[in-house]
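First comes the structure, then the notes that go with it.
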Amino acid sequence: MIRSARFWSWIAFGAGLLYFFLPLIGMFEFSLRAKRGEYSFLAYERVLGDPQFQQTFLYSVVMALFTIVWGVFLVTPTAFWVRLKMPKLRPYIEFITLLPLVIPPIVIVFGYIRLYNTSSFLPLTGSALGTDILLMFGYAVLALPYMYRAVDTGLRTIDVGTLTEAAQSLGAGWITIMARVVLPNVLVAVLSGAFLTFAIVIGEYVFAALLNRPAFGPYMVWMGGNKAYEPAALAVIAFTITWACMGLIQLATRFSKHERAKR
Amino acid sequence: MAFLDLTHLEKTFGANRVVKDFSLGVAQGEFVSLLGPSGCGKTTVLRMVAGFEQPTTGSIRIDGQDVTGAKANARNIGMVFQAYALFPNLTVAENVAFGLRVKGVPRAERDARVTEMLRLIGLPDLGARFPFQLSGGQQQRVALARALAPRPRVLLLDEPLSALDAKIRVSLRTEIREIQKELGITTIFVTHDQEEALSMSDRIVVMNGGIADQVGSPFDIYNRPTTRFVANFVGTLNTFDARVENPETGTVTLGGVSMTLAEGSLSARKGDTVAIALRPEALHLGRTEGRETVLPARIEAVHFMGSVIRLRADIGGTKVSLDTFNRADQPPPAVGSAMEISVSGRDAIVLRG
C-alpha cells in the first residue's frame, strides 16, 4: 500500500517536472538554433553583445538597487512601528500592501502621469531624473506586497516589543534600535524581499514603457517583436537571473551569522 | 528621603484603574519585591519606573531627580526581563557591551567591563557564544550582566526566574541576591512566587487590585499579615471563625475549645466572630508542651514531600493543613485515623479586611 502511494507520488512529481521543464527545455533548444544546421550560442552572443541590452539591463539593475533601498527604508520602520505601537492597524496596513496585486499597473501609472505631469504641482515627468524617481516609487509599490510580507514575517520570528524595551533600558534611541536591533534580526527577511524586488524590477514592462524609460522590460518586448532566436535566449537569461535571485535568498539565509551558528 | 521614591502613582488603561494611589520609598542598595497575583498591577508599577508606561498621576524620583516624564532610554535603569530579551544577532560579549557602546564608552574600557561582568555572573569563557547556544539559566545571567554593565542607578527584575526550571530557579535567586549585595544596587523585583520574594527581599510589597496591601520584611509579611488577602496569598493558611469570649484577656472559642490569643492582638467586642488564621507549622500532632489548646481531628490525606509531611485534617468540619517533619523511625498517621492537634493562641493571626 505504502509502496503504491510512493509510486503514484513519484508519477505526480515527474508529471509536474515535465509540465514545468519541457517548455523551458524547448525554449532553450530553440535559442541554440540561430546558426543553421548546428547548435550554437550565437543568439546569446548577439543578445549579450547588443549595446542596447547592456544599457537597458544596467539601467534596470540600478533602478532595482534604488528601489530596494527605498523599499527597505519605507517598509522596515513601518512594519516595525505597526507591530510595536499599532497592532490594531495591522489588518488595514496588510490590506493596503496587497492593493498593488489587485490594481493593474497600468491604472497606477496613468494615475502617476496625471498627478505628476508637467502642469501639475509636482512635475516629476518633466525631467529624466524626475521620471526615474517616479519609476522607482512605482516599482516600490509593485514590490510592496512581497517586501512587506517578507519583513513582517521576519519581525514575527523575534519578540520585537521586549527587544525594543531591552535596548531602550540600555539607553538606545530609535535609530540605534532600528540599526542595531531590528534590522540585523530581520536581515534575511529583508534580503528575501530585496531579491524579489530585484526580480520584479528587471522584468517590469508597463511602468517603464508608459513612462518612456530605457528599461530591460521594454527591451525584451521589443526584441520579441523583431527577432527570431534572440527573444528565446533573452527569456533564458531572464529566467537565470530570477533563479539566481532565489538562490541568493537561500544563500543569505544560510550564511547569516547567527543563523549559521545555529547549525 | 528614599533613593527611589514613588509617590501616589496611578495608572489607568481606558476605564480600568490598574494601579491605585501607590506610594513606596526604596532606600539605596535595598532589594524590594513586588509580590502579587497576575493582574495586581505589580508589572505596571515596574514599567512605570522603567519609563515604558507613563503614570496617569503621581511622580517617580530617583536620587532626588524627578524622572516621571523622562524617556526610558534617559533614566539609566537596568532591566531584566522574564523572556531574557537577549539580542539574538549578538554574541554574549556583544550583548553585555551593548549599553556601554550606546553610551560611547571607549573600546578598552568596554572590553574590561564586559570581562568583569562575565566573571561576576560566572560565565567568563562564554563571551563568543550566541544566546541560543546557552541554557535558560545562562541566558538570564547574561541578561543580568547586560543590565548591570552600564552601572545603572536602579535595577528592575521583571519575573526573571519564571521561565526557568525549579532547580535553576533556586540557585539563580541566590546568585542574583549575592550579586545585588556585592554591587549594592537598588533593586525592584517583580514576582508572583512568594518563596522567591520571601527568600530574596529586604522588604516585600504585597499587591492586590492595584494597591499595596502590606509592606514589610519577609518575616513580618509571613508571620504578621495584616489582611486576609496577604495571609492567604503568602504561604498556606488555615482559617477559622472564632467567637470572642473575653476581649481583655484575648480569649476566644474555637470549635467549642477555649484559646487565648497573643496580648493586644484582639480588637473586637464580646460575642463578635473574628477570623483566626494558623500556619500549617503552628499545628502539631498530639499534645505538646506549650500548646494549650487541643482540638480533636480526623486525618483525611497524607502528602509525603520529603523532609516534610503535609497532612490534611478535619477539625469539627473545618479542613486544615499541618506540617510535620519526616522521621524515618516514625511513619505518618494513617488516613481516617482520629488524632489530637495542639495549637498555641500566640501563633494565631487575627485577620482583618
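The values are calculated or read from the model by the stated rules, or taken from the named source; none is laboratory data. Predicted, not measured: the structure shown is a model, and the values here were computed from it. No Cβ is skipped: glycine too gets one built from the backbone with ideal geometry, and neighbour counts run over all protein chains shown.
For B:Gly29, the conditions (1) within 14 Å of another protein chain (Cβ to nearest Cβ); (2) more than 22 Å from A:Lys85 (Cβ to Cβ); (3) not in a strand (DSSP E or B) all hold with the exception of (1). Put simply, of B:Arg101, B:Arg61, B:Arg110 the only residue that is charged (D, E, K, R) and within 12 Å of another protein chain (Cβ to nearest Cβ) is B:Arg101. If the condition is being in a strand (DSSP E or B) and surrounded by 14 or more Cβ atoms within 10 Å (Cβ to Cβ), then the stretch B:221-257 contributes B:Asn238, B:Thr239, B:Phe240, B:Ala242, B:Arg243, B:Val244, B:Glu245, B:Thr251, B:Val252, B:Leu254, B:Val257.
Checking each residue in the stretch A:178-194 for being more than 9 Å from every other protein chain (Cβ to nearest Cβ) and assigned to a helix (DSSP H, G or I) picks out A:Met178, A:Ala179, A:Val182, A:Leu183, A:Val188, A:Ala189, A:Val190, A:Leu191, A:Ser192, A:Gly193, A:Ala194. Scanning the stretch B:51-64 for residues being within 17 Å of B:Lys11 (Cα to Cα) and either in contact with a Lys or Arg (Cβ under 7 Å, 6 or more places away or on another chain) or in a loop (DSSP other than H, G, I, E, B) (or both) gives a total of 6. Annotation: of all residues in the stretch B:44-58 being out of contact with any strand residue (DSSP E or B) (no Cβ under 6 Å at 6 or more places or on another chain) and at the interface with chain A (Cβ under 8 Å from one of its Cβ atoms), the one that is nearest to A:Leu84 (Cα to Cα) is B:Phe52. Being in contact with a helix residue (DSSP H, G or I) (Cβ under 8 Å, 6 or more places away or on another chain) and without any contact (Cβ under 8 Å) to a residue 24 or more places away in the chain, is that true of even one residue in the stretch A:194-215? The answer is yes; a qualifying residue exists. When A:Phe195 is tested against (1) modelled with pLDDT of 90 or more; (2) under 15 Å from the mean Cα position of the chain (by Cα); (3) not aliphatic (A, V, I, L, M), exactly one condition is not met: (1). Sub-6 Å Cβ pairs linking a first residue in the stretch A:120-146 that is in contact (Cβ under 8 Å) with a residue 40 or more places away in the chain to a second residue that is assigned to a loop (DSSP other than H, G, I, E, B), at least 6 apart or interchain, are A:Thr125/A:Tyr116; A:Thr125/A:Asn117; A:Thr131/A:Leu211; A:Leu134/A:Tyr116; A:Leu135/A:Leu211; A:Leu135/A:Arg213, ordered by first then second residue. The set of residues from the stretch B:65-85 being more than 7 Å from chain A (Cβ to nearest Cβ) and not in a helix (DSSP H, G or I) comprises B:Gln65, B:Asp66, B:Val67, B:Thr68, B:Gly69, B:Ala70, B:Lys71, B:Arg75, B:Asn76, B:Val80, B:Gln82, B:Tyr84. A:Val160 meets each of the listed conditions (1) out of contact with any Lys or Arg (no Cβ under 7 Å at 6 or more places or on another chain); (2) more than 7 Å from every other protein chain (Cβ to nearest Cβ); (3) among the hydrophobic types (A, V, I, L, M, F, W, C) apart from (1).
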